[in-house]
Structure formats: structure tokens, C-alpha cells
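K.L.:
One structure, pasted below without further comment.
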Amino acid sequence: MIDNTIHSAVEALRQGKTLLYPTDTIWGIGCDATNADAIEQIYALKQRDHAKSMLILCTREMLSQYVDNPSAEAVGLAIESERPTTVIFPKAINLPLNLLAQDGSIGIRVPKMAFCQQLLQELGHPIVSTSANLSGEPSPACFGDISQALKSRVGHIVEDRPEYNRESPSSRIVKLSATGEIIVLRE
């Protein structure tokens, strides 16, 4: 059953559609992070200012394809932390400009959630991950908290399951400076 869910989600992503899906923190809206047009759809869908960049989910193996010279310490933070941790790397590569922060950085989280890992493996690209709400509204704690208006605007919705609606802490956010210093932005 999970295979069909993964398959249909990946097909939607390959077609350039937006996706409403569970992550290791909250329900998110995503798309293929290498598709600039799909990224634009998310900005429009969320009514989000382009100055507010979005993060991506990727596998450990993908990191070196999308980050310029990632340090072992930063990679370790992204991969080995028990708590979901988003690492903001100073220089992204091979990603559309409309996904990056104005300084060229990108936030990346390597999810431990099996669903997200399978989705990434099957797609073979990173996936945009932003909260499933309109910009400025509270992030939904569970699928039932996502507005019907938002649900009706996404291209594909992953089927809601009880295991996807659990209390999870928000991700810790750390930034890697150009000099390699690690700065905690949200604990």
C-alpha cells in the first residue's frame, strides 16, 4: 500500500505538480526542488514572498550534489542528529535560483521518516519542504488542521494516515557561516 502512495506522489512530482505530504516534523507542501516552475507554484499557492526562501529535503547521498564543498561537521549535523535538524549551507549548487536565499544559501534537512526517505529515493531529486499553510498563518499540527482552500489548490495530496499525525518538535535550525562557524538559529 505504501508503494502505491509513493508511486503516485513521485509521478505527481515528475509532472511538475505540487505535493501535500507528511514530513518528519509537520505536513508540508513540496515539489521537485530542481523544477523552477513548480517552485513558483508553491510561492503562488502559499502567497509567500520570494524573499523568504524554502528548505529542501534530501538524502545523505544527495548533499554533495547540491551543496558546494560541505564540511564534515555540517554534514554530520544534518545526518546524525536525533532531532530533525535543518542546516543552512552557505552556497547551494545545481538548484534553481528562485529556491535559494538572496545570499545563495539553502536550508537542507535529511529526514529520518521512512515515507520521506522512500519518496526521495524514488524521485532521485531533493524535494522542497515548506509548511502546509498560507504565508503568515499558523503551521498545521495535523492533516485535519490544513485549510480546505489550501488542499484544493495543491496538485497532489498524500493520503492521510494515523502514523503521519503525531506530535513532533519543529526542526532545529543551524546556519553554517562562510568561515565554517556553526550558528544556532532555532533550538
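K.L.:
Let me check something: with ligands and nucleic acids excluded, how do SER129, SER53 order by accessible area (1.4 Å probe), largest to smallest?
P.N.:
Putting SER129, SER53 in descending order of accessible area: SER53, SER129.
K.L.:
If I build a Gaussian network model for the chain, linking alpha-carbon pairs within less than 10 angstrom, which residue out of ALA92, ALA149, ALA38 has the largest mean-square fluctuation?
P.N.:
Looking only at ALA92, ALA149, ALA38, the biggest GNM fluctuation is shown by ALA149.
K.L.:
Given a Förster radius of 45 Å and the C-beta distance between THR179 and ASP3 as r, what FRET efficiency does 1/(1 + (r/R0)^6) yield to the nearest 0.05?
P.N.:
0.50
K.L.:
5 Å is the cut-off here: which amide hydrogens, built 1.01 Å from N in the peptide plane, fall below it relative to SER131, excluding neighbours closer than 5 in sequence?
P.N.:
HN-HN under 5 Å from SER131: ILE29.
K.L.:
How far is helix 114-123 tilted off the main Cα axis of the chain, in degrees rounded to 10, range 0 to 90?
P.N.:
Once rounded, the angle reads 80 degrees.
K.L.:
Another one. Against the longest principal axis of the chain, how steep is helix 36-46, in degrees 0 to 90 to the nearest 10, with axes from Cα atoms?
P.N.:
70
K.L.:
Suppose a student asked you for the relative contact order of the chain, using Cα pairs under 8 Å spaced at least 6 residues apart; what percent would you report?
P.N.:
32
K.L.:
In what order, largest first, do LYS46, LYS112, LYS151 sit by accessible area if the probe radius is 1.4 Å?
P.N.:
Working: LYS46 0, LYS112 95, LYS151 30 Å².
Highest to lowest solvent-accessible surface, that is LYS112, LYS151, LYS46.
K.L.:
Give me the Kirkwood hydrodynamic radius of the range 44-119 in Å, from all C-alpha pairs, to one decimal place? Walk me through the numbers on the way to the answer.
P.N.:
On the way: mean 1/r = 0.0768 Å⁻¹.
Radius from the Kirkwood sum: 13.0 Å.
K.L.:
Follow-up. Could you compute the net charge surrounding ALA92? Neighbours are other residues with a C-beta less than 11 Å from the C-beta of ALA92; K and R count +1, D and E count -1.
P.N.:
Values: positive: LYS91; negative: ASP68, ASP103.
Neighbour charge sum, excluding ALA92 itself: -1.
K.L.:
Next up: Solvent-accessible area per residue for the range 1-158 at a 1.4 Å probe radius, Å²?
P.N.:
It amounts to 43 Å² per residue over the range 1-158.
K.L.:
Candidates [x] 60, 43, 29; [y] 51, 40, 32; [z] 44, 31, 30; which is the computed Cα extents along the principal axes in Å?
P.N.:
It is the value labelled [z].
The values are calculated or read from the model by the stated rules, or taken from the named source; none is laboratory data. Predicted model, so just to flag it, every value in this text is computed and none were measured. Here the Cβ is made from the backbone with ideal geometry for all residues, glycine too, and neighbour counts use every protein chain on show. With ligands, DNA and RNA removed, areas are computed over all heavy atoms of the protein, side chains included. Shrake-Rupley method; radii C 1.70, N 1.55, O 1.52, S 1.80 Å.
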